[in-house]
Amino acid sequence: MVDGGWSLLGRHRERARPRSLSQRLPCHLLLQGVTSATQSNRLIAGTSMTRVLLATAELDPFVKIGGLGETVAGLAACLSQLGVDVHIAVPDYPISLAANQHWSVQLPAWASSQASVRSGRVPGLGTVHAVGVHNIERPHPYYDPATGESWFDNDRRFFAFGIAVAKVARQLNVDVLHINDWHTATAVADFPNERTIFTIHNLAHQGAADIGWLPAFGDKAPYFEHLGSCNPMAAAIRLSAKVSTVSPRYAIEACSPTFGCGLQDELAARGSDFFGVRNGIDPKRWNPESDVLLPANFSARDLAGKQVCNKELRRATGLGDAPGPIIGMVTRFADQKGIDLVADLVGYLEGIPASLVMHGTGEVELVSRIWHEGRARRSHMSYLPGFDEQYAHLVVAGSDLLLIPSKFEPCGLTQMQAMTCGTIPVVTGVGGLADTVIDTDADPTRGTGFVSGQASVTSVLDSLHRAVRGWRNRWRREAVQRRGMLTDWTWAGPGRRYRELYREVLDDL
Ligand code: GLC
């Protein structure tokens, strides 16, 4: 598809950066044909497309720990469809990319002088560049799976990755560099900041490191200093042309001491250059009408297949005919997600009555706590540790309610996946959860779920009681389900907003 409006809007092109194709590409890539598809698109279109490098520590389907990988992949797919020339840089942990190009970029001595890059087209996504910096290869991106401890050298690994991202962006001659979270944030030390966009997926992870790192960032060093440490996220917030986060509500919350994790003043200082764009979900992966991972398909018009999924979930978990609805949870096991609240409230579920099905993994202590609860309450609780894509789909689509009791939530994806599948979300009213779920008791004609006022055991239990009452009334339940299913949760709107943002940044040059 072609970005038809671009030639009218791309004032900077004539003025600042008119380039032929051969000028835009490193010659070894041009010769070896990495961008041949792009080339022919451009020739057909008779115009040139915006070239963007998205940089990320996770990219679905190669590496996915939390929502980051799914989010960047979903955005990339949508941007590609919208006619943006999408490139994605991801650390080579390694990832199973079928690369057809191998090249390298020079790095400073502290980052071991060189990064190797493997590049390959991934249909529907864009060109993926697997960037190998010293010691980035590990069995898990962030921590040792055996102990749960963060890798001791995460600062050096990802600081080097960020610098390599800047070099790759220069080599590819991209129009805009779009970096995501702290793992890519050091790129601001080495790429024109007026063409850099920074997206915050989670303020709780900032990559703050020893102050001794500052000299590594040359004349940008002062921007990295924050509260006595070297903080790459602070630098990216201060230097990037625009700073976005993944929901409008989180953008407001992030400017407060309660949610800002110490960076609230930096964020507030960016004024209207800091804002929220809600994430989307990939309609190819999340669509109950066509999902091949489900035992039966269904739609808002005909919910019969959802019953089949529910039966299969009850069978698979051994919950059988347990009374009341099934409450599902597919989550990372992190403090943010309110897992401790769940451990404290499971004892009350039998009395509601309702059963709980949990799936996911993460912090060892939380996993162990829930595992023990699950073993002690087999009649109304089931926990499957780890992550299995097919089982995750069964839990999301087969449950009656989906619980997300987060203490903070920049966006959250599972509530949108749940609504798409007619599963009613029960959430805390924070961040993206508040932006996407309308409380049915507060607004009976527009409600899509249940929202608790606080991330506390009593408040979440109260919402669960309300949700189960609502669920028992078939007429009311189906109205809520249909409203959620018929809402557009795809990337279409957010993707267009990011494309606009790229244009705004380029127009401002
Ligand atoms: C992080 C946030 C989550 C968000 C995801 C993708 O995992 O915690 O709320 O949905 O990033 O942006």
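Would you please calculate the Kirkwood hydrodynamic radius of the chain over all C-alpha pairs and express it in Å, rounded to one decimal? Could you put the intermediate results ahead of the total?
Details: mean 1/r = 0.0421 Å⁻¹.
Evaluated on the chain, it is 23.7 Å.
For the pair ASP265 and GLU312, how long in nm is the line joining their label points, each one 7 Å along Cα→Cβ?
Here the modelled spin labels are 5.5 nm apart.
For the pair SER112/GLU500, report the inter-label distance in nm, with labels modelled 7 Å from Cα in the Cβ direction.
4.3
What is the extension gain from ARG301 to GLU137, computed as 0.36 nm multiplied by their sequence separation minus the C-alpha to C-alpha distance, in nm to one decimal? Walk me through the intermediate numbers first.
Details: separation 164, 0.36 × 164 = 59.04 nm, distance 4.79 nm.
Taking ARG301 through GLU137 to full extension adds about 54.3 nm, to one decimal.
Starting from the amide H of THR199, placed 1.01 Å from N in the peptide plane, find each other amide H under 5 Å away whose residue is 5 or more places distant or on another chain.
ILE179, ASN180, ASP181, SER244
Cut-off 17 Å, label point 7 angstrom out along Cα-to-Cβ of ALA343: give me the residues of segment 108-151 whose amide nitrogen falls inside.
Residues passing the 17 Å test: 148-149.
Starting from the Cα-Cα distance between LEU509 and THR361, subtract it from 0.36 nm times their residue separation and give me the gain in nm to one decimal.
Numbers: separation 148, 0.36 × 148 = 53.28 nm, distance 4.45 nm.
Stretched fully, the LEU509-THR361 segment lengthens by 48.8 nm.
Below 12 angstrom from the Cβ of LEU349, what's the summed charge of the other residues (Lys, Arg +1; Asp, Glu -1)? Please list the in-between numbers first.
Numbers: positive: ARG377; negative: ASP344, GLU350, GLU373.
Net of charged neighbours comes to -2.
Please give the charge dipole size of the chain, origin at the Cα centre, charges +1 on K and R Cβ atoms and -1 on D and E Cβ atoms. Round to the nearest 20 debye. Intermediate values should be presented prior to the final figure.
On the way: 50 positive and 51 negative charges, 270 e Å.
Taking the Cα centre of the chain as origin, the dipole is about 1300 debye.
Taking the Cα centre of segment 51-150 as origin and charging only Cβ (+1 Lys, Arg; -1 Asp, Glu), how large is the dipole, in debye to the nearest 20?
On the way: 5 positive and 8 negative charges, 63 e Å.
Result for segment 51-150 is approximately 300 debye, rounded to the nearest 20.
Find the relative contact order for segment 226-354 and round it to a whole percent, using C-alpha pairs within less than 8 Å whose residues are 6+ positions apart.
RCO, segment 226-354: 15 percent.
For each of THR490, THR184, THR361, THR71, count neighbouring Cβ atoms within 10 Å of the residue's Cβ, then give the residues from fewest to most. Write down the numbers at each step before the final one.
On the way: THR490 19, THR184 30, THR361 16, THR71 27.
Taking fewest neighbouring Cβ atoms as first place, the list is THR361, THR490, THR71, THR184.
With +1 on the Cβ of every Lys and Arg and -1 on the Cβ of every Asp and Glu, and nothing else charged, how large is the dipole of segment 437-509 about its Cα centre, in debye rounded to the nearest 20?
Rounded to the nearest 20 debye, it is 560 debye.
Which residues in segment 276-309 have a backbone N closer than 15 Å to a point placed 7 Å from the Cα of LEU486 along the Cα-to-Cβ line?
Within reach of a label on LEU486, which here means backbone N under 15 Å from a point 7 Å along Cα→Cβ, segment 276-309 contributes 299-303.
Output the relative contact order of the chain, whole-number percent, from Cα pairs under 8 angstrom with separation of 6+ residues. Mind dumping the intermediate values first?
Working: 1014 pairs, mean separation 61.1, N = 509.
It comes to 12 percent, rounded to a whole number.
Find the centroid of the Cα atoms in segment 209-279 and in segment 325-353, then give the distance between the two in whole Å.
Between the Cα centre of segment 209-279 and that of segment 325-353, the gap is 32 Å.
Can you tell me the length gained on complete extension of the stretch GLU289 to ALA479, counting 0.36 nm per residue apart and subtracting the Cα distance?
Working: separation 190, 0.36 × 190 = 68.40 nm, distance 1.84 nm.
That works out to 66.6 nm of additional length.
With unit charges on the beta carbon (Lys/Arg positive, Asp/Glu negative), name the residue among LEU401, SER456, ALA304 whose Cα is farthest towards the positive pole of the charge dipole of segment 304-485.
Farthest along the dipole direction, towards plus: ALA304.
Would you work out which of GLY362, ALA467, PHE333 lies farthest towards the positive end of the dipole of segment 304-485? Charges go on Cβ: Lys and Arg +1, Asp and Glu -1.
Among GLY362, ALA467, PHE333, the one farthest towards the positive end of the dipole of segment 304-485 is ALA467.
Throughout, read-outs are computed from the coordinates displayed, never taken from laboratory work. All figures in this text were calculated on a predicted structure; none of them were measured in a lab. Counting neighbours? That spans all protein chains shown, and the Cβs are built from the backbone with ideal geometry, glycine included.
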